[in-house]
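Where a number appears in this text, it was derived from the coordinates with a stated rule and is not lab data. Remember, predicted model here, so these are calculated numbers, not experimental data. FYI the Cβ positions are ideal-geometry reconstructions off the backbone, even for glycines, and counts take in every protein chain you see.
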Amino acid sequence: MGETVLVVGGAGYIGSHCARMLAERGHTPVVFDNLSTGWKDAVRFGPFEHGDIRDATAVARALRAHQPKLVLHFAARSLVGESMQRPLDYYDNNVTGSVVLLEGCVRHGVENFVLSSTAAVYGVPERMPIGLDAPLAPINPYGASKMMVERAIEDACRASGAMGATCFRYFNAAGAHPEGDLGERHEPETHLIPNVLKAAVNGTPMSLFGDDYDTPDGTCVRDYVHVQDLVEAHLAVLAHPPRAGETRRYNLGTGEGLSVKQVILACEAETGGKIPVDIKPRRPGDPPSLVAGDTEKARAELGWTPRRSDVGTIVGDAWRWHRR
Ligand code: UDP
């Protein structure tokens with residue numbers, strides 16, 4: 001039977017793909033979003049509650065009206081560079097907002113809470129791939145804010161004894177819905193693949209931030225995972241919920257790293273033309289390499305395997321969306 005699921009931040013990139021998959025599988029995704037960075041036209045798979053996670057009254061209203069047992073929390077500011085310039089916005093929205101949301105969830109009997117966390121909690125890890133036991137040492141306010149929220153969730157679940165949680169540490173979310181009518185759209189756009197594809201469309205060079213890293217080709221290495229695969233992990237929590245009071249953590253990545261140059265090459269192969277590139281200095285806050293370790297945990301406990309996360313499929317799906 002279908003469940004009512006509160007998708008907090010469901011107008012954003014990953015949240016909107018998640019709402020769509022929930023609806024496709026017979027569930028009712030209720031989107032709660034303040035539309036600060038999300039898009040109203042991406043809310044089309046279920047009811048919409050316009051509100052801000054820092055507003056306890058709005059949160060309580062949505063929880064009372066829809067009585068979800070499962071809450072998926074995607075609402076966050078998520079740009080590393082912006083977080084370096086405006087750290088307090090990140091602590092306010094991501095930490096304060098999540099605390100208000102958690103408080104509402106505990107009070108309204110939510111049983112299952114899922115956080116979009118990030119590989120940025122690891123900072124510049126000593127070992128690659130990054131195991132779940134790697135020290136948490138974020139080097140930017142974005143990563144620090146998510147580290148704090150993970151801890152708040154763990155403490156809240158333990159104290160409540162009734163709510164369980166799952167924290168998914170995403171590596172680099174990428175790609176778009178295969179139908180090409182839902183995808184990544186940020187204003188301004190700071191992410192690699194959209195910027196490479198924009199350069200392919202309008203011929204103005206994309207900026208490549210740093211080619212002097214200590215990596216095989218000098219450019220940063222990331223573990224790109226398709227948005228549809230990330231979303232599948234969230235749906236898997238319905239079948240494999242945590243125990244009451246428990247908090248689980250998973251790395252969501254493929255375990256394979258790609259350099260910025262390799263991504264550009266894949267985009268050239270997909271678009272069929274040379275993409276103009278300007279080499280720029282390193283971007284503050286960027287670790288040289290981030291590749292997921294312990295990926296078998298999600299496989300073993302949630303039955304999760306990335307199916308669309310090869311670079312060809314990611315770039316192909318993103319390109320279909322960008323051309324529209
Ligand atoms: N990057 C780049 N040019 C861009 C956007 C990103 O060279 O226009 C690089 C960035 O420095 C990083 C990698 O691409 O090494 C991935 O950046 P993105 O912002 O997509 O994700 P992040 O890893 O910061 O979450």
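Points to keep in mind about this one:
- Segment 1-112: C-alpha gyration tensor shape, a/c 1.5 cut-off, then a/b vs b/c: oblate
- DSSP-assigned coil residues among trypsin sites (Lys or Arg not before Pro) in segment 204-250, each with at most 13 further Cβ atoms within 10 Å: ARG243
- Distant-in-sequence amide H partners of SER117 (H built 1.01 Å from N, under 5 Å): PHE168, ARG169, TYR170
- Whichever lysines have a C-alpha closer than 25 Å to that of LYS198, once near sequence neighbours (fewer than 8 apart) are set aside: LYS40, LYS261, LYS274, LYS280
- The H on the amide N of ARG248, modeled in the peptide plane, is under 5 Å from the matching H of ALA165, THR166, CYS167, each at least 5 residues off or on a different chain.
- Qualifying lysines (Cα of each under 28 Å from Cα of LYS297; at least 8 residues distant if same chain): LYS69, LYS146
- Gain on full stretching of the segment that runs from GLU187 to LEU35 - 0.36 nm per residue minus C-alpha separation: 53.5 nm
- By other beta-carbon atoms within 10 Å, ranking MET206, MET84 with the fewest at the front produces MET84, MET206.
- Report summary: the helix-based calculation at 222 nm, which adds -39500 (n - 2.57) for every DSSP H run with n ≥ 4 and divides by the residues of the chain, gives -11000 deg cm²/dmol.
- When the Gaussian network model of the chain links Cα atoms closer than 10 Å, the mean-square fluctuations of ALA75, ALA292, ALA65 top out at ALA65.
- Burial order of peptide ranges 101-112, 225-236 (average beta-carbon count within 10 Å, highest first): 225-236, 101-112
- Which of MET163, MET148, MET1 has the fewest Cβ neighbours within 10 Å, and the rest in rising order: MET1, MET148, MET163
- Residues listed by number, segment 49-70, amide nitrogen under 20 Å from VAL106 label point at 7 Å toward C-beta: 53-64, 67-70
- For segment 180-198 and segment 270-324, distance of Cα centres in Å: 12
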